[in-house]
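The values are calculated or read from the model by the stated rules, or taken from the named source; none is laboratory data. Source: prediction; values computed, not measured. So basically every Cβ, Gly included, is an ideal-geometry build from the backbone, and we count neighbours across all protein chains shown. Accessible surface is based on the protein model in full, side chains and every heavy atom, while ligands, DNA and RNA are left aside. Shrake-Rupley method; radii C 1.70, N 1.55, O 1.52, S 1.80 Å.
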Amino acid sequence: MAADPLTPAVSDRICRHMNEDHGSAVAAYARHYGNCPQVSTARLVAVTTSWMDLEVDGQPLRIAFDHPLQDSEDAHRTMVAMLRAIPG
C-alpha cells in the first residue's frame, strides 16, 4: 500500500491517533523539542511537511522537522525516530 500525501485529512488522522493512543509521546515532544520542561497537557494539532503544531497547556507550540516530510510513512518514521532520540 502506498503512503498518503500529507493532506489536512491525513494530518487529522495522525493527530487523532497520536492524541488517543500516544499522549505521552506528544508530551515528550513538547518537553524535549519544545523546551517545555513542565507539561500538564499536550495535544498534537497538525502535521505538515515542515513541522508539527502542538497545544501545550493551552499555548501553541511549533516543532520543526529536520527535513521536509515526503508522505505519511515519512512522518511516521520521523516522529518515531524523534521519540527514540529523546534521552531517558
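The phi torsions of segment 69-82, fed into the Karplus equation with coefficients 6.51, -1.76 and 1.60 and a -60° offset, translate into couplings of 6, 8, 6, 5, 5, 5, 4, 4, 4, 5, 5, 5, 4, 4 Hz, rounded to whole numbers, with Gly and Pro shown as x. Applying 0.36 nm per residue to the separation of Q59 and R77 and subtracting their alpha-carbon distance, the gain on full extension is 3.8 nm.
Could you give the angle, 0 to 90 degrees to the nearest 10, between helix 23-32's Cα long axis and the longest principal axis of the Cα atoms of the chain? Orientation of helix 23-32: about 70 degrees from the principal axis.
Applying 1/(1 + (r/R0)^6) with R0 = 22 Å to the Cβ-Cβ distance of H67 and A3 gives a FRET efficiency near 0.90. When you restrict to C-alpha pairs under 8 Å that are six or more residues apart and normalise by the size of segment 1-87, the relative contact order lands at 28 percent. Here's how it looks for V45: its modeled amide H is under 5 Å from those of D53, L54, E55, which are all 5 or more places away or on a different chain.
Expressed as an acute angle from 0 to 90° and rounded to the nearest 10, what is the orientation of the C-alpha long axis of helix 8-21 relative to the principal long axis of the chain? In the chain, helix 8-21 runs at an angle near 50 degrees to the longest axis.
A helix-only calculation puts the chain at -13000 deg cm²/dmol for mean residue ellipticity at 222 nm, using -39500 (n - 2.57) for each DSSP H run of at least four residues, averaged over all residues. About its Cα centre, the chain has a charge dipole of approximately 240 debye under the convention of +1 per Lys or Arg Cβ and -1 per Asp or Glu Cβ, with nothing else charged. Phi-derived couplings, Karplus 6.51 cos²θ - 1.76 cosθ + 1.60 at θ = phi - 60°, listed residue by residue for segment 37-43: x, 10, 10, 8, 9, 9, 9 Hz, with x used for Gly and Pro. With viscosity set to 1.567 mPa s at 4 °C, what whole-number translational diffusion coefficient in µm²/s follows for the chain from Stokes-Einstein and a Kirkwood radius over Cα pairs? Using the Kirkwood radius from Cα pairs, D works out to 100 µm²/s. Rolled with a 1.4 Å probe across the full set of protein chains, the surface gives E73 an accessible area near 90 Å².
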